[in-house]
1. Search the stretch 298-320 for residues being over 28 Å from E74 (Cβ atoms) and of a type outside the set (G, A, S), and hand back the single one that is least open to solvent (accessible area, probe 1.4 Å).
2. So D134 clears everything in (1) under 27 Å from T323 (Cα atoms); (2) within 16 Å of the chain's Cα centre (by Cα) except one condition, right? Which one?
3. Could you tell me whether the stretch 193-209 includes any residue that is modelled with pLDDT of 95 or more, closer than 25 Å to L314 by Cβ and open to solvent by 10 Å² or more (accessible area, probe 1.4 Å)?
4. For the stretch 1-91, which fully contained strands (runs of 3 or more DSSP E) count at least 3 residues that are at pLDDT 50 or above and not charged (D, E, K, R)?
5. So, in the stretch 321-336, of the ones that are touching a residue at least 40 places away in the same chain (Cβ under 8 Å) and over 12 Å from the mean Cα position of the chain (by Cα), which residue ends up least open to solvent (accessible area, probe 1.4 Å)?
6. Please go through (1) open to solvent by 50 Å² or more (accessible area, probe 1.4 Å); (2) free of Cβ contacts under 8 Å to residues at least 40 places away in the same chain; (3) closer than 26 Å to I63 by Cβ; (4) not small (G, A, S) for K256 and return the number of the only condition it doesn't satisfy.
7. Hey, V184 hits all of (1) farther than 22 Å from H162 by Cβ; (2) open to solvent by less than 60 Å² (accessible area, probe 1.4 Å); (3) touching a helix residue (DSSP H, G or I) at 6+ places or on another chain (Cβ under 7 Å); (4) at pLDDT 95 or above but one; which does it fall short on?
8. Answer yes or no: is there a residue in the stretch 131-146 that is in a loop (DSSP other than H, G, I, E, B) and basic (K, R).
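The values are calculated or read from the model by the stated rules, or taken from the named source; none is laboratory data. Please read all numbers here as calculations on a predicted model, not as lab measurements. In this analysis, Cβ positions are derived from the backbone assuming ideal geometry, glycine residues included, and neighbour counts consider all displayed protein chains. These area figures cover heavy atoms from the full protein model, side chains too; ligands, DNA and RNA do not enter into them. Shrake-Rupley method; radii C 1.70, N 1.55, O 1.52, S 1.80 Å.
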Amino acid sequence: MIGFVVRLSLLTLALIQFTGCKGSSSDSAPTTPVTYSVKSNQSLNISGREVDLYVPSNATSAIVFLHGGGGNKEGFAYNLGLKTTSNSFSYTLTSAGQAWLAKEKVIAVFPQGLTVGGANWTWSNRVMTSGADDVLFLQNLVAAIKADTSLPAVSKVYIVGHSNGGMMANRMWCESPNTFDGYVTFAGPPSTKLASTGANPCNPTATKPYMGVVGDRDRVLQSGGNMNATNWTIASSLVSNANAWEDATPQVLNDKVYHTTRVGIKCSGSVGTPTTSGQVTTYSDCNDSVKLVVIAQVTVNSTMSGGDHCIATLSGPCVTTLTGNTGIDLKQLAVDFLKNF
């Protein structure tokens, strides 16, 4: 059993709320201050797996965030604007991150993926393998969050994944849908092995709310010029460690094309007319419980913006981020969808 480092920091944010009835000038009673505990590298008694928790005392729900392949829990928390640095030496929340957690009443949970013979820290998602049963791990993680009396009691636990983390979330949606109350993926479509037919078909016993966000010039998924193709092929430059990939030429489903199938699975319905605002097109079906957001890449003053794979920090083949200059805060987009369910 490995040793665990526990870092607890309590930060107090005074929240002042003004309420009143028409014609009344009296102030409301002071609210209870929200405190924060930041717990890093916790095992939660789950097979020694490291998990970071950012916990506001007023939390009523939790979101499990899964990092992408080759990434880590600290980097994902940093790229979402919650952590002040991307390193593993400091777990301080940003002031904006504190305010967001308190406003949304969310425990942010960041587990660490594993690696097989290399630096491809990832998940066993039918595209890559971590060497572990990550379906069981996530099932146990949710149970531990709900059972841990040191945490606020939460009524809902959701999952949000980027890239390979999103592909893992898709596997859970297909194979263990009742584990989470809602699913969101950023540039993380399902493996082709989770198609309607073939190996490990996607036949969920229950259908939970799902939202996917993809770019039309994603240089990792190679969606550029392939937005009408059934499958996307992972960029060959990233497929370096054969032990980490299930196939020599790994493929995923085109989430835009698969949206029609997902709608059929969720509500036996048909896809409605999407709405477009600037470079963002949104499909919303099954009473808004199945959504797809497609971000088109545009060029402004010779600089490309949006529609690529990365969240905030550019790496690999990315030349811009998924959201670019759209002003979209991905964690806010996710929670605005999830809190409806």
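1. Selected residue: V298.
2. Condition not satisfied by D134: (1).
3. Taking every residue of the stretch 193-209 in turn, none turns out to be modelled with pLDDT of 95 or more, closer than 25 Å to L314 by Cβ and open to solvent by 10 Å² or more (accessible area, probe 1.4 Å).
4. Correct list: 34-42, 51-56, 61-66.
5. Residue satisfying both the conditions and the ranking: L322.
6. (2)
7. Condition not satisfied by V184: (1).
8. no
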